[in-house]
Amino acid sequence: MQDFHYASQPFVVGRSTDTDFPACTTVEETLTTVLSHEWVNDEYKHMVVTASPKALTVKPGQFFHILCPSSDEGDLWFRRPQSVYAIDREGGRLEFLYKCVGRGTHGLATLKPGENCNILGPLGIGFTVDSAWKNIVVLGRGVGLATLAPISQMAGDAGVGVTAILSARNKEYLLSHERFEKIGASIVPVTDDDGSSDIQNVERILLELIAAARADAFYTCGSNRLFQVMKRLGAQHGIPGQIAMEQIMACGLGPCYVCVKTFEVNGERVLRRVCVEGPVFDIQEAVGC
Amino acid sequence: MLDLSVRIGQVELQNPVMPASGAFSTEYASVIDINRLGALVAKTVSRNFRAGNPPPRAAEVEGGMINSIGLPTKGLQYFLDAQLPDYKQYSPPLVASISAEDADDFQAMARDINVPGVDVIEINISCPTRKPGGGNFALHAEHAHDIVTRVRAETDKPIWAKLSPNAGEIVDVAMAAEDAGADALTVANTILAMKINVNTFRPALGNKIGGMSGPAVKPIVLRMVYQISKAVSVPIIGCGGISNAEDVIEYMLAGASAVEIGYVNFRNPTAMISIINGLEDWCNKRGIRRIADLTGAVRDGDMETDTYVAAAQGF
Ligand SMILES: Cc1cc2nc3c(=O)[nH]c(=O)nc-3n(C[C@H](O)[C@H](O)[C@H](O)COP(=O)(O)OP(=O)(O)OC[C@H]3O[C@@H](n4cnc5c(N)ncnc54)[C@H](O)[C@@H]3O)c2cc1C
Ligand SMILES: Cc1cc2nc3c(=O)[nH]c(=O)nc-3n(C[C@H](O)[C@H](O)[C@H](O)COP(=O)(O)O)c2cc1C
Ligand code: FES
């Protein structure tokens, strides 16, 4: 008997029917359809996909674990974590903004509109914004800017003002500024080419915001140096802060303990899993990113 | 009516699909209905807290992954106080996995985990990431015999000995574990492996070496299950590289009574459920009424041994 139905398609096992997802589950492995997928510069791509109601429950700072297609003749064997860049609940869409760095992200970049993409999520713990705050400060660099972008949505909804200090090599790589512009945030671009991204200059900007009482909370992602400055100033001035961390992941769900990072809690060093205990953590407990 | 149930000694499983230790926790209940699994297999627990190995702890390789997690654990007491009740919210039998510093500690662990709620004790004598050099008790028949004997002395619960594919003579180790009183053998843990990043010249793993799993190891471990099944009479649980229903059938034909599944859960968290559905489909299509009948059903008994005759036949 010739029946190679499963054997010939070993990895379609994820293409389950609805009955495999009991209503009580909060996470879904689903096939989305790519709606648009454009380069924003020579390194970053912006992908818009359809999303199921469960996927749309995603909150800023949470992420999806994406099964990227391969860009070569081989296969990929791990998913790749990507935080959500924008959530369009009415339109039933999710957006991702990612940097093409290796096989996974270059493979992801090959997806064309109309093609399917298997995403697992929403995963992890996202950012929180307290509506009692008047002004928050968002400081990010590189891919970190993609992760921080949806804070603009939260802050906009909560009526909280935002100062977004966006750091990049040059203007071309300044991501997410439209997202912050949309909610009327005050944007401070800092770049390497004119030296404004210099760590002392960033510290000076932060100190000015603190002095002007425009820093009720700090948010950061994407640079260890920027994080260290925010952590120090946050501790000195009693400003709460949140950081989104990255670590290599396998499961994305909690059991494998691949994604641990070091934290310091009450003077004791502990390991936490970025996928389920984060990726967003208390900036004062983080040690390095 | 199709009967997917299988029996491992005294333990009856509703189907042969279980997760592999370390690749599963009740956190999977956020994605799938874990009550559909044949059994729940907990992460290996040791007596005291262990931080595990330095990151990076996993690397993607062709056909799967290498891990060097290093058996992090919150310790036995936490397992008994927090994890055990958590697992008992679900209906499938619970397989607790234990590891230890030395033979005495193994014996004491077996005694201390011999509590109501633990349905099976899997003894992880084969973790290659616990010690930096990859050594473990399952590399030598006499060490394996000693550990299983000591565990047997402490408990009447079913004991599954998890073997190492890194042993030189895994069949000898399997026979020793059976002789010492193991009720079943889990074949196998991960295969020692390494990856080096050619851009940085650095090992991809913080521990430098680790254990490989995923589809690429399946033919290797399947061969071990096949050879061991010819040499022992206790049930075998096949574990290595399973990613679809056919892989489970293949392991059963080779002699396994059930399987454990690791890596593919990371790639497709819904895989175990799809595989159970796939087994049902497969059996129904083939008119197989009892999946347990597939165990050891490989048709290897009447194969032509004369090369010239075989080479003259159709294939
Ligand atoms: C929670 C989270 C959210 C993220 N959000 C974004 C985002 O919005 N935009 C974006 O551009 N990038 C994001 N990243 C980083 C992104 O996951 C990596 O750039 C990507 O995995 C690299 O894969 P690759 O195969 O292209 O690169 P390779 O370097 O070939 O990757 C090899 C291996 O390392 C892992 N890896 C490499 N870099 C990272 C990393 N920084 N984090 C986690 N795993 C890594 C890969 O998953 C893979 O297993 C996020 C990471 C995490 C953990
Ligand atoms: C991340 C990871 C962690 C593991 N942890 C354990 C463990 O704690 N105890 C154990 O007995 N085996 C552990 N294993 C081995 C698996 O249980 C299994 O034997 C192996 O991965 C082969 O199966 P697979 O190819 O389906 O992954 C681990 C494997 C992986 C990938
Ligand atoms: S990636 Fe598995 S625990 Fe975080």
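The values are calculated or read from the model by the stated rules, or taken from the named source; none is laboratory data. What you see is a predicted model; the values in this text were computed from it and never measured. Virtual Cβ from ideal backbone geometry, glycine too; neighbours counted across all protein chains shown.
Annotations
- Leading residue by the ranking (nearest to ligand 2 (Cβ to nearest atom)) among those in the range A:248-265 that are crowded, with 17+ Cβ neighbours inside 10 Å and in a strand (DSSP E or B): A:Val260
- Of the strands (runs of 3 or more DSSP E) lying entirely inside the range A:21-107, those containing at least 3 residues that are more than 14 Å from the chain's Cα centre (by Cα) and more than 16 Å from ligand 1 (Cβ to nearest atom) span A:28-39.
- Test: residue in the range A:222-245 that is under 30 Å from B:Met65 (Cβ atoms) and within 14 Å of another protein chain (Cβ to nearest Cβ): yes
- For B:Glu260: the one exception among (1) within 30 Å of A:Val27 (Cα to Cα); (2) in contact with a helix residue (DSSP H, G or I) (Cβ under 7 Å, 6 or more places away or on another chain): (2)
- Single unsatisfied condition, A:Glu268 versus (1) touching a residue at least 12 places away in the same chain (Cβ under 8 Å); (2) away from ligand 2 (no atom under 16 Å from the Cβ); (3) of a type in the set (D, E, K, R): (1)
- Any hit, the range A:201-220, residues being in contact (Cβ under 8 Å) with a residue 40 or more places away in the chain and closer than 30 Å to B:Asn265 by Cα: no
- Taking (1) more than 12 Å from ligand 1 (Cβ to nearest atom); (2) within 17 Å of the chain's Cα centre (by Cα); (3) acidic (Asp, Glu) in turn, A:Glu246 satisfies each apart from (1).
- Residue list for the range A:130-146, restricted to those being touching a Phe, Trp or Tyr at 6+ places or on another chain (Cβ under 8 Å) and assigned to a helix (DSSP H, G or I): A:Ala146
- Count - residues of the range B:41-74 that are within 14 Å of ligand 2 (Cβ to nearest atom) and over 20 Å from A:Val258 (Cβ atoms): 0
- Of the listed requirements (1) away from ligand 1 (no atom under 16 Å from the Cβ); (2) within 14 Å of B:Ala59 (Cβ to Cβ); (3) buried (at least 24 other Cβ atoms within 10 Å of the Cβ), B:Ile237 misses just one: (2).
- Scope the range A:249-281; condition away from chain B (no Cβ under 12 Å), over 14 Å from the mean Cα position of the chain (by Cα) and within 16 Å of ligand 3 (Cβ to nearest atom); matching residues: A:Phe263
- Flag if B:Glu60 is surrounded by 17 or more Cβ atoms within 10 Å (Cβ to Cβ), in contact with a Pro (Cβ under 9 Å, 6 or more places away or on another chain), at pLDDT 95 or above and not in a loop (DSSP other than H, G, I, E, B): no
- Filtered by the rule that a residue be under 16 Å from A:Gln62 (Cβ atoms) and either of a type in the set (S, T, N, Q) or not assigned by TED's automatic domain parsing to the domain that holds A:Asn224 (or both), the range A:128-156 gives A:Thr128, A:Val129, A:Thr147, A:Ser152, A:Gln153.
- Being among the charged types (D, E, K, R) and surrounded by 21 or more Cβ atoms within 10 Å (Cβ to Cβ) holds for only one residue in A:Arg204, A:Arg273, A:Arg232, and it is A:Arg273.
- Residue match in the range A:216-230 (condition: at positive phi, in a loop (DSSP other than H, G, I, E, B) and either within 16 Å of ligand 3 (Cβ to nearest atom) or of a type in the set (S, T, N, Q) (or both)): no
- Qualifying residue in the range A:174-184 (condition: more than 20 Å from the chain's Cα centre (by Cα), modelled with pLDDT under 95 and either surrounded by fewer than 22 Cβ atoms within 10 Å (Cβ to Cβ) or in the same structural domain as A:Tyr98 (by TED's automatic domain parsing) (or both)): yes
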